[in-house]
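Inspection log for the structure reproduced underneath, given as structure tokens.
The values are calculated or read from the model by the stated rules, or taken from the named source; none is laboratory data. For clarity, every value in this text was computed on a predicted model and none was experimentally measured. Methodologically, a virtual Cβ is constructed for each residue, glycine included, from the backbone with ideal geometry; neighbour enumeration extends over all protein chains shown.
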């Protein structure tokens with residue numbers, strides 16, 4: 001009687017009196033097939049389209065007999081990888097293909113699980129001879145797929161203010177507080193939403209850290225950025241000769257040695273300010289001229305002469321019509 005072969009791994013099954021002198025080689029081949037089924041690994045290049053059938057050849061090592069199979073190659077369409085009908089076996093599959101298409105693991109005539117277009121992970125599956133079944137590699141801790149939970153207790157973080165996964169974002173609900181602990185774990189800095197928000201919004205952080213003394217501002221659409229701090233007046237050292245002012249700065253002006261001109265900034269924008277003070281009380285004898293630098297001052301296309309002793313003024317820019325206006329007269 002000729003040899004027969006096992007259903008699943010296609011081991012050669014010899015009958016008494018057959019294969020004289022060949023038992024050792026056939027037995028070793030059968031043992032290698034068993035080793036392949038228990039711990040074998042093989043990278044199998046799949047077809048870019050259609051189906052790739054795993055092989056189960058009688059009495060020889062075959063790619064479909066491995067325990068772990070990595071699927072490789074470039075795919076240009078949704079494909080299938082099939083196991084022959086009637087085979088009962090367990091596998092770990094890794095989707096190592098290139099291309100954003102699905103890969104289904106199934107029997108020749110049955111069904112089975114599918115790697116999604118972007119899923120380049122792993123699947124633990126078994127074939128029952130009719131279909132391929134997926135064995136989940138992990139399940140949500142505590143049996144929940146809507147809350148982040150302690151693995152051992154099943155209690156949602158945050159107590160009544162639940163920390164929830166909404167499928168896209170982690171949500172700290174019910175005015176919960178995000179606490180960032182210090183190095184010692186004793187104190188923290190907390191962030192929380194206000195009790196009532198008229199409409200939901202997102203603050204997008206800057207792409208860089210900014211520079212020293214800059215402040216964080218928003219563009220009104222939630223995009224944050226670091227800018228120079230323009231609040232207040234940056235007072236400069238005493239000026240004794242003519243100069244061009246810079247927006248945001250203040251000047252102590254000493255005309256003791258003679259009258260001179262302070263030229264206003266070029267191309268100002270609304271809200272720019274320049275401040276000045278009569279340092280030595282000499283504006284009445286040696287006037288300060290404020291040069292308009294092509295912009296109006298108080299709505300007039302003329303320079304401003306300051307002749308009041310101990311005058312202290314701030315000019316703020318409005319627009320092309322009124323130009324620079326005096327905040328203090």
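Among residues of the stretch 1-27 that are within 27 Å of residue 86 (Cα to Cα) and in the same structural domain as residue 64 (by TED's automatic domain parsing), those with a beta-carbon under 9 Å from a residue that is modelled with pLDDT under 80 and not in a loop (DSSP other than H, G, I, E, B) at least six positions away or on a different chain give the pairs 14/23. Taking the criterion of being in contact with a strand residue (DSSP E or B) (Cβ under 6 Å, 6 or more places away or on another chain), assigned to a loop (DSSP other than H, G, I, E, B) and buried (at least 16 other Cβ atoms within 10 Å of the Cβ), the only residue of the stretch 296-317 that qualifies is 311.
When 255, 269 are checked against the criterion of being assigned to a loop (DSSP other than H, G, I, E, B) and more than 30 Å from residue 201 (Cβ to Cβ), 255 stands alone in meeting it. Would you say residue 75 is crowded, with 17+ Cβ neighbours inside 10 Å, within 22 Å of residue 135 (Cβ to Cβ) and at pLDDT 95 or above? The answer is no for residue 75.
Can you say whether residue 170 is closer than 30 Å to residue 290 by Cα, outside the structural domain of residue 268 (by TED's automatic domain parsing), modelled with pLDDT under 85 and touching a strand residue (DSSP E or B) at 6+ places or on another chain (Cβ under 9 Å), as far as the supplied structure shows? Even if it seems obvious, please write down each step before you answer.
Values: closer than 30 Å to residue 290 by Cα: no; outside the structural domain of residue 268 (by TED's automatic domain parsing): yes; modelled with pLDDT under 85: yes; touching a strand residue (DSSP E or B) at 6+ places or on another chain (Cβ under 9 Å): yes.
So residue 170 does not fit the description; no.
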